[in-house]
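Input: a single structure, listed below in structure tokens.
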Amino acid sequence: AALSLLATSGARGLTHRAVDALAGLPAGSTSSCCRSRLDLLTLALHRHASRNLQDLQADASRLAAQEPSLERFIDSLAERIEDWISPAKRDRVVAQIEIFLIASREPSLESVVRQVHQGFVDATTAALARLGIGSPEEVAVGLIATVDGILFGQVVNSHMRPDRQACRAILMRAVRVD
């Protein structure tokens with residue numbers, strides 16, 4: 001419910017009462033487990049990351065059943081981006097951007113964002129290392145930034161949406177280290 005509110009109403013719309021109402025919970029339920037707004041935002045961030053990691057773990061499981069290939073990895077990532085910017089999951093991206101904006105002004109939430117981000121860097125680094133990519137952590141950071149940029153562009157301007165082939169080309173350039 002908190003992620004949905006962030007996506008539809010922004011930071012101003014995220015209140016304990018609004019979460020209770022949207023989730024159909026008795027008044028005060030959210031306050032009992034999230035004492036502060038920061039607690040609520042932290043929980044929302046962790047839930048968001050958990051959903052994205054579940055998607056990526058499903059992708060990794062599918063890839064693990066095949067011969068390791070950079071092309072398959074990039075295809076899978078392009079499909080994942082397409083899924084995340086679909087109408088069914090677009091709100092998830094909007095909520096992420098909203099949380100990141102809040103974190104830019106809230107040091108304790110910023111540290112949580114850094115911690116969550118490092119989990120994605122570690123997972124991506126491991127995947128790239130399995131593929132034999134040199135400097136996998138450096139490439140992982142750039143690849144994640146590229147994906148975030150593509151997702152952000154879709155929220156801001158849906159006409160910027162690269163088709164899957166263009167997305168593949170962008171991602172392939174992001175993993176090439178000179």
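The values are calculated or read from the model by the stated rules, or taken from the named source; none is laboratory data. Every value quoted in this text rests on a predicted model; they were computed, and no experiment measured them. Please note that ligands, DNA and RNA were not included when accessible areas were found on the heavy atoms of the full protein model with its side chains. Shrake-Rupley method; radii C 1.70, N 1.55, O 1.52, S 1.80 Å.
Leaving out ligands, DNA and RNA, what percent of the accessible area of the chain is carbon and sulfur, probe 1.4 Å? Intermediate results must be reported in sequence, preceding the final value.
On the way: 5300 of 9830 Å².
Solvent-exposed carbon and sulfur of the chain make up 54 percent of the total.
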Original post:
So, in Å, what gap is there between the alpha-carbon centers of the range 1-35 and the range 122-162?
Top reply: 31
**OP:** Once every Cα of the chain carries one equal point scatterer and solvent is ignored, give the base-10 log of I(q)/I(0) from the Debye formula at q = 0.16, 0.19 Å⁻¹, two decimals.
**Re:** -1.00, -1.27
**OP:** Anything in the chain that counts as a DSSP H helix reaching 18 Å or more along its axis (C-alpha) with Kyte-Doolittle mean of at least 0.5? List them, would you?
**Re:** 90-103, 136-156
**OP:** Find the accessible area per residue for the range 101-178; the probe is 1.4 Å, ligands and nucleic acids are left out, and the unit is Å².
**Re:** 58
Subject >> Stokes-Einstein D in µm²/s, Kirkwood radius over Cα pairs - the range 93-178 at 37 °C with 0.692 mPa s viscosity >> reply: 232
